[in-house]
Amino acid sequence: VPTSYNAPAGVLQDKVILITGAGDGIGKTAAVTFARYGATVILLGKTTAKLTAVYDEIVAAGYPEPAIVPLDLKGATKKHYQDMAATIRAEFGRLDGLLHNAGLLGVLTPFEHIDLPTWQDIMQINVTAAMLMTQALIPVLQLSQQPSVVFTSSGVGRKGRAFWGPYAVSKFATEGLMQILADEYDNTSLRVNCINPGATRTSMRAKAYPGEDPQKLKTPEDLMWLYLYLMSDASIGVTGQSLDAQPK
Ligand code: NDP
């Protein structure tokens, strides 16, 4: 696996890629970047106005016209995901890429103060929703020649850290989900990997580190080499890996 990747223009031509949390932060940049490299992107997120703004930006730039799926992962049920899978199949005939990027941080708090409703919301959005969505989309992904599923992890999903409670546990679970799927589909064309973005200039990072100067952080654009690598055919055969978008 490389530590940098210069994506050739058009590397995602003819690919259909769904991005969760596509309205803001890293997901927004990934959606616009995938479209710039030729993909038709399906923008999924909670706030419709943010998705519409990303849609407009992509269309204004002359990239392939995206689709929008407004969905709150907190309340979404198996039926929502199955209906979405049926719609993608009918509209596009297949799904080539799935980027699980949406995430909820919650609030950093001492273990003794972890609040059950917050814990459950974080597990629902960060883990259960990704599991249910992947389950529903596997048949549509298998209609692609080289399907790629990418989960979003974190440094605290590999080594626990004080006060990161439910968010960190959800990221350990994300790594587990990725490993289990990668192992089950090991001798198929479906590849499954994790990206650890590293400290990145977004509103989530600002919420976790309110005293930090955002100008000192990498931007979502700086991470895109790895997102493009994993979504493009350059990464065929790479599976079961948890990769750093900001390698040391
Ligand atoms: P942001 O908070 O900027 O963006 C998160 C996105 O997820 C938003 O578009 C948000 O939609 C969406 N989302 C949140 N809750 C839901 C929900 N219930 N249903 C649908 N969509 C939802 O975060 P980042 O861009 O910083 O983070 C992206 C990913 O990267 C996350 O998985 C995060 O854990 C991970 N990460 C980020 C790091 C960083 O430093 N920024 C470091 C390590 C990991 P809306 O705006 O509509 O609420």
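Each reported figure results from applying straightforward, stated rules to the coordinates on display, with no laboratory input. Since we're looking at a predicted model, the values are computed, not measured. Here Cβ is always computed from backbone atoms with ideal geometry, including for glycine, and neighbour counts include all displayed protein chains.
General remarks:
- Selection status of residue 35, under 20 Å from residue 223 (Cα atoms) and among the small types (Gly, Ala, Ser): yes
- All conditions but one from (1) within 12 Å of the ligand (Cβ to nearest atom); (2) buried (at least 23 other Cβ atoms within 10 Å of the Cβ) apply to residue 18; the one that does not is (1).
One line per residue, one yes/no per condition, for (1) closer than 20 Å to residue 192 by Cα; (2) acidic (Asp, Glu):
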| site | (1), (2) |
| --- | --- |
| 34 | yes, no |
| 66 | no, no |
| 69 | no, no |
| 72 | no, yes |
| 84 | no, no |
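- Looking only at residues in segment 144-192 that are among the polar types (S, T, N, Q), surrounded by fewer than 24 Cβ atoms within 10 Å (Cβ to Cβ) and within 25 Å of residue 14 (Cα to Cα), the one that is farthest from the chain's Cα centre (by Cα) is 187.
- Subset of segment 158-205 [of a type in the set (A, V, I, L, M) and farther than 20 Å from residue 28 by Cβ]: 162, 168, 169, 173, 177, 178, 180, 181, 182, 190, 192
- Number of positions in segment 23-45 that are in a helix (DSSP H, G or I), surrounded by fewer than 24 Cβ atoms within 10 Å (Cβ to Cβ) and free of Cβ contacts under 8 Å to residues at least 40 places away in the same chain: 2
- Taking first residues from segment 108-121 that are without any contact (Cβ under 8 Å) to a residue 40 or more places away in the chain and partners that are of a type in the set (S, T, N, Q), the Cβ contacts under 9 Å between residues at least 6 apart in sequence or on separate chains come to 115/109.
- Restricting the search to strands (runs of 3 or more DSSP E) fully inside segment 137-248 and requiring at least 1 residues that are touching a residue at least 40 places away in the same chain (Cβ under 8 Å) and of a type in the set (Asp, Glu) gives 242-244.
- One residue alone among 132, 99, 104 is crowded, with 17+ Cβ neighbours inside 10 Å, within 19 Å of residue 231 (Cα to Cα), under 20 Å from the mean Cα position of the chain (by Cα) and in contact (Cβ under 8 Å) with a residue 24 or more places away in the chain, and that residue is 99.
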